[in-house]
Amino acid sequence: MRTWCQTFYPANMKSNNLAKRTEYDVFNERLSLALCHRTKAEVSAILGVNPRTLRRWEVRQSRPEYHALDAYNRNLQRLLPFSQNENDSGSFRFIDLFAGIGGIRAAFEEIGGACVFTSEWDSYAQKTYAENWSNSHRIEGDITKIDVLDIPDHDVLLAGFPCQPFSIAGVSKKNALGRAHGFHDETQGTLFFDVCRIIEAKEPRAFLLENVKNLVSHDKGKTFSVIKRSLEDLGYNIYYRVIDGAHFVPQHRERIMIVGFREQVAFDFEAQSLPAKGQRTMKDILHKTDGSEPRLDHDGERFFDHKKNRVQPKYTLTDKLWEYLYNYAEKHRAKGNGFGYGLVYPDSVARTLSARYYKDGSEILVYQGARKNPRRLTPRECARLMGFPDSFRIPVSDTRAYKQFGNSVVVDVVRHVAKAMRPMLEVEVLQPELPLRRGTNT
């Protein structure tokens, strides 16, 4: 029988225990809970079935058609108090939108939050997310198709909404192809307004939105002006700052962090000072060839040969690829351009890791000596470069892993912002008398 997790994840996905329940198990559980809180007539009405049919389902004499289960489960979810389904063990509740592989979630769980809803459209990112995070809820897909009634109440909304329409590389590519970018991008740019749709309906106490630095200057500042005004019109006090990941990891990666609070609070990005850049260099994240590289059961020998104390040879560039990259760089250097590969050494701070790293790895190539071609970072090194601990599992192919880490946040940057937000998320701060909401006259 097709399992619940196979409906939402690839068939070869290794899921957590909760995801091994069948869709029928979810239905039976929610039906039992719904009947504890509502009458049979109310449940029958919301499902659109005869009370007799409902009774047969209740006592397991029959069951719904499989194709209708998803709709039934969603309708039953709406009948239940969310606390029956979600983890309330944290000091505040948050939702994780455009979740990727969970980089933003990691920081907010560390400060005491409980994730009660996750949305990520990419099935491979879902696989990595499910491998690393324990959920009492399933991972939802396309945010544009999610009804706000299916999203539980929460204190904090987190969203690293897609950055390609605003990134320097994304804008250049779309201009070259004659395609629109920013809010004129039909598929990605408008996803910001889905964030607004959810904020307007659920009115969380706070939110954190993350995007590329170029969001501030895109379209001569008009794009960010629209974003800021849209959030303020929803009744939020807005704070933002561009932070370079090089304060925490050996990688220049500038991202804008947008924080919003519905109440007037004393939030200040300067409440915690940023570490000086350059304190961490590539030697801190590269595999160690002196015999001290940790053995990770979930990695095995996939990235590093522990017997020979070396990175697996497949990550070293072929002669043909290295010759191409070298000649390409020389050609542009002769023209006075800065295009070309980025060679890193143990004491270096790398360029930005991009989602295209899987193609040739040119932005970050590890020097291996004068007589040996440089190599790509391994996916484990990419994980470290983004601030993920070695306990983070990488269940996808190298190509998918490079894309996922290239699209991720630097966990340490989000952790820094989360710690600055934490005092405003304490229970005594979350409970004061609320200001008047929009549209009220008293």
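Each principal axis of the Cα cloud of segment 350-430 was taken in turn, and the coordinate range along them, longest first, works out to 62, 26, 22 Å. Towards the positive end of the charge dipole of segment 282-406, with charges on Cβ (+1 Lys, Arg; -1 Asp, Glu), say which of HIS306, GLY342, ILE394 has the farthest Cα. Projecting each Cα onto the dipole axis, the largest value belongs to GLY342. Structural descriptor for segment 282-406: relative contact order 26 percent, calculated from alpha carbon pairs under 8 angstrom and at least 6 residues apart. Applying 1/(1 + (r/R0)^6) with R0 = 30 Å to the Cβ-Cβ distance of LEU343 and LYS222 gives a FRET efficiency near 0.20. On full extension, the segment bounded by GLU232 and ALA45 gains 63.4 nm, given 0.36 nm per residue less the C-alpha separation.
Stretched out straight at 0.36 nm per residue, the stretch from LYS277 to LYS145 would grow longer than its current Cα-Cα span by 43.4 nm. Here segment 373-391 is scanned for amide nitrogen atoms under 18 Å from the site 7 Å beyond the Cα of ASN327 along Cα-to-Cβ, giving 373-374. Okay, which of segment 270-299 sit inside 20 Å, backbone N to the point 7 Å along the Cα-Cβ direction of TYR367? Residues passing the 20 Å test: 278-290.
Exposure proxy shown here: for SER292, SER354, the number of other Cβ atoms within 10 Å sets the order, fewest to most, as SER292, SER354. Using the structure shown, list the pairs from LYS127/LYS372; LYS331/LYS372; LYS288/LYS419 with a Cα-Cα distance above 29 Å, or answer none. In this structure, LYS127/LYS372; LYS288/LYS419 exceed 29 Å between Cα atoms. Taking other C-beta atoms within 10 angstrom as a stand-in for reagent exposure, SER44, SER397 fall in the order SER397, SER44, fewest first.
Shape class for segment 287-417: oblate, because the ratio a/c of the largest to smallest gyration tensor axis (alpha-carbon atoms, square roots of eigenvalues) is 1.5 or more and b/c is at least a/b. Note on segment 268-347: Cα convex hull, mean projected area over all directions, 9.5 nm². With only the Cα atoms considered, segment 215-356 has a convex hull volume of 202 Å³ per residue.
FYI, it's all coordinate maths here, none of it is from the lab. Predicted model only: the values in this text are computed from it and were never measured. FYI the Cβ positions are ideal-geometry reconstructions off the backbone, even for glycines, and counts take in every protein chain you see.
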